1. Rolling a 1.4 Å sphere over the protein heavy atoms, what is the accessible area per residue of the chain, to the nearest Å²?
2. Write down the Kirkwood hydrodynamic radius of the chain, to one decimal in angstroms, obtained as one divided by the mean of 1/r over all alpha carbon pairs.
3. Given R₀ = 30 Å, what would the calculated FRET efficiency be for D40 paired with S2, taking r from the Cβ atoms and rounding to 0.05?
Amino acid sequence: MSVNIAVSNQKGGVAKSTNSINIAGALASRGHDVLIVDTDPQGYTTRTLGFTDE
């Protein structure tokens, strides 16, 4: 069984990326498989999780 969780809000600066990272971390620490998809053009979640261009 899979569960989809979406964090969205059109307003900028309301901690969407931070909340997504924290939710994913909490679920992963409980043994769940987690996939985060960063659709933000600024790529904050991607950079924060350590994925950067060489």
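1. Per residue, the chain has an accessible area of 88 Å².
2. Hydrodynamic radius (Kirkwood, Cα pairs) of the chain is 12.2 Å.
3. That pair, D40 with S2, gives E of 0.85.
The values are calculated or read from the model by the stated rules, or taken from the named source; none is laboratory data. The structure presented is a predicted model; accordingly, all values stated were derived computationally and were not measured. Don't worry about glycine lacking a Cβ; one is built from the backbone with ideal geometry, like all the others, and counts go over all protein chains shown. Keep in mind that these areas ignore ligands, DNA and RNA; they rest on the heavy atoms of the full protein, side chains included. Shrake-Rupley method; radii C 1.70, N 1.55, O 1.52, S 1.80 Å.
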